[in-house]
Amino acid sequence: MVVEKTLTKEKLDTVINSAQDYLFEIQEEKGYWQGDFKSNPTIEAEHLMLTEFLGIQDDEQWDKIVNYLKRKQLEDGSWNIFPGGRGNLSTTIECYFALRLAGRPSDSKELSRAREFIMNRGGIPEARVFTKIWLSLFGIWDWGDVPAMPPELIFFPDWFPINIYEFGSWARGTIVPLLIVLSKRPVHELPEEKKLPELFPGDWEGVVKDEEDDYPLFSWAKLFQIADDALKYYHKLPWQPGREKAIAKCEQWILERQEADGSWGGIQPPWVYSLLALDILGYSLDDPVMEKGIEGLDSFSQEGEDELKLQACVSPVWDTAWGIISLVESGLSEDADSVVSAGNWLLDQEIREKGDWAVDIDEDVEPGGWAFEFANENYPDTDDTAEVVIALSEIDLSENEQEKVEAMDRGLQWLLAMQSSNGGWGAFDVDNDNELLYEIPFADFGAIIDPPTADVTAHVIEMMGRMGFDLSDKPVKRGYEFIREKQNDDGSWFGRWGVNYIYGTGSVLPALKEIGEDMSKPYVRKAVDWIKEHQNEDGGWGETVESYSNPELAGEGESTPSQTAWSLISLIAAGEIDDPVTKKGVEYLLERQTEEGTWEEKNYTGTGFPGDFYIGYVLYRHYFPLIALGRYQRELE
């Protein structure tokens, strides 16, 4: 037994040292880490559409994007939204249209297969609203059949049941420019052969089925459908009092929120639609706002010799915080050059300006959070802030130590102010949980609100636990009660921002330990049992993103390094260090480290919008296994 433990420790040391060396090698000169941000080919397809609409086509880039789209096409002719997933209708329509814009003939092999997939699912009339908006911009779909959203919405006060601040930050940043687009209804004319007549059913009469009769008479859905009809009628009137003032207000709102890197919100949707809106309003391509926005897109692109792909976002702050945590918790000194340079970089990223979050917060609250991206002053988030504070708490910045302590305190105070009334934390806003918005005909694109979730709440109270708070402190107690309430009957927790129940549970259990919870309590043991029951034969854990649409798949899927790590982190937090299940999981990670010192992971384990948008964080495969192995090593000692 002693020999076995010695061998395990020797192997652990070797694997951990190799993993640390890998992080040293890929660390950027300025101190941060940034892994690739993988999503789906909708991003590339919409880039082709955007550059066509703006008249800034780059033939070389277009050819490379075409090559990328062709490589990502599945055997059945479709395109999917995560590796191994089934074809997605709207994504396939957008990729098909992008290839047609780029000159691929409709009878080419790849488009023939794509067309068959599309038509077997009803064609363009069955696409999502956002796809229809893109097609309307090019005269393929009738603007009159797109759900209405009036620009006057920008005037609705924040106390009104429906206003722009009731939407989640990502949806808000997208909707405001779309209020202009939907009001102006521009059309970029195309040759007839590119208007996709082949993607409409043969009996298509150009009229969308009226769903109003399908709704119960007394329901919000019925009311919103009637309102949609009224707004479409209003749009046709020659006199629309207040319309131009509303558009001007939307325009100003957009201009005020452009970031230093040219983006809006640091993510693709509001960025693209803001450029479209400003172009529609007459902004020239050499206007400083447009120029900065267009040039900024290059920083999100990854161009190779034959292909070009675009990231929907970048994650340097998130990656750097976890990079620091993984290095220190796997034994690196708290004053090592690598983590000191990373910590100083994080200090420089602190956001000291008020953004949209301040609309529903006491005006005396001092800004002090961190965002996900390089530039996103308007939208710091609680999840990043919590992990940055944890990371900073684990390192010694010597001459900048006082600055670090002050930044941590501001982050803590900001997080306390961001706690929602139910005790939990959302990612970007307080009490952003108005589910009524899902009844709006326009809202068919997944998550549009940002309610408190167990995973984010767990990260915040874990941070508070590390800073000396416990269950005797009211904010921790309220967060704890929120988490208890959100536990599923089987013992697991839902994961909003990571896949899925493994992520949620892996966030909660270490947080409970940090705030002093008795880890022998029945509800904790139920969660531990759930983790154990879902270990795969190979010793790892995995969960498909399909579990969001089918909860019966919770905890089921091909083993991945990141999900195995989350499960091990859960077990270690619960004191299961000597359990054979834990040992088998550790062996899974030890045996699968590559020669480069990292792990391979093809499946997506990050979540943008459950059911609609998934993320492959390339460094999840690395820093979470390093954290799990580091904690295991520490417990062995």
message = Regarding region 146-157, can at least one residue be identified that is part of a helix (DSSP H, G or I), at pLDDT below 95, more than 28 Å from the chain's Cα centre (by Cα) and farther than 30 Å from Q61 by Cβ?
response = yes
task = Can you tell me which residue within region 548-579, out of those that are hydroxyl-bearing (S, T, Y) and assigned to a helix (DSSP H, G or I), is surrounded by the most Cβ atoms within 10 Å (Cβ to Cβ)?
result = S567
query = Can you pull out the residues in region 254-285 that are buried (at least 20 other Cβ atoms within 10 Å of the Cβ), over 16 Å from P316 (Cβ atoms) and of a type in the set (A, V, I, L, M)?
reply = I254, V272, L275, L276, A277, L278
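Being surrounded by 20 or more Cβ atoms within 10 Å (Cβ to Cβ) and either without any contact (Cβ under 8 Å) to a residue 40 or more places away in the chain or over 17 Å from S507 (Cβ atoms) (or both) narrows it down to one of I461, I448, so name that one.
Every option except I448 fails the conditions.
Looking for something in contact with a Pro (Cβ under 9 Å, 6 or more places away or on another chain), of a type in the set (S, T, Y), in a helix (DSSP H, G or I) and within 23 Å of F613 (Cβ to Cβ) - is there at least one such residue anywhere in region 94-117?
no
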request  = Considering every residue within region 512-529, establish whether at least one is in a loop (DSSP other than H, G, I, E, B) and buried (at least 24 other Cβ atoms within 10 Å of the Cβ).
outcome  = no
key: Qualifying position, being more than 30 Å from L69 (Cβ to Cβ) and in contact (Cβ under 8 Å) with a residue 60 or more places away in the chain, among G343, G369   = G343
query = F482 is checked against (1) modelled with pLDDT of 95 or more; (2) within 27 Å of Y604 (Cβ to Cβ); (3) within 23 Å of the chain's Cα centre (by Cα) and fails just one. What number does that condition carry?
reply = (2)
remark   = Sole miss for D279 among (1) farther than 25 Å from G608 by Cα; (2) touching a residue at least 60 places away in the same chain (Cβ under 8 Å); (3) touching a strand residue (DSSP E or B) at 6+ places or on another chain (Cβ under 8 Å) is condition (3)
ask   = Among the residues of region 294-318, which ones are over 26 Å from A391 (Cβ atoms) and in contact with a strand residue (DSSP E or B) (Cβ under 7 Å, 6 or more places away or on another chain)?
value = S301, Q302, L308, K309, L310
request  = Go through region 475-522 residue by residue and tally those that are touching a Leu at 6+ places or on another chain (Cβ under 8 Å), closer than 30 Å to G616 by Cβ and among the small types (G, A, S).
outcome  = 0
query = Which condition number in (1) surrounded by 12 or more Cβ atoms within 10 Å (Cβ to Cβ); (2) at pLDDT 90 or above; (3) closer than 25 Å to A127 by Cα is the one that E189 fails?
reply = (1)
remark   = In region 605-616, residues that are part of a strand (DSSP E or B) and either among the acidic types (D, E) or farther than 13 Å from P83 by Cβ (or both) total 4
inquiry  = I'd like the residue in region 335-352 that is under 23 Å from Q34 (Cβ atoms) and acidic (D, E) and, out of all such residues, is surrounded by the most Cβ atoms within 10 Å (Cβ to Cβ).
reply    = E350
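Name the single residue that is farthest from G611 (Cα to Cα) among those in region 483-511 being among the aromatic types (F, W, Y) and assigned to a loop (DSSP other than H, G, I, E, B). Talk me through it step by step, then tell me what you get.
Here is the first cut: in region 483-511, the residues among the aromatic types (F, W, Y) are 493-494, 497, 501, 503.
Still in the list and also assigned to a loop (DSSP other than H, G, I, E, B): 493-494, 497.
On the way: W493: 17, F494: 14, W497: 12 Å.
Here the answer is W493.
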request  = Sort out which residues of region 113-145 are more than 20 Å from E193 (Cα to Cα) and under 27 Å from the mean Cα position of the chain (by Cα), and write them in order of number.
outcome  = E126, A127, R128, V129, F130
query = Pairs, please: C-beta under 9 Å, at least 6 apart or cross-chain, first residue free of Cβ contacts under 8 Å to residues at least 12 places away in the same chain and in region 255-271, second not in a helix (DSSP H, G or I)?
reply = E256/N378
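The values are calculated or read from the model by the stated rules, or taken from the named source; none is laboratory data. Here the structure is a predicted model, which is why all the values come from computation and not from measurement. Ideal geometry is used to build each Cβ from the backbone, glycine not excepted, and the neighbour counts take in all protein chains shown.
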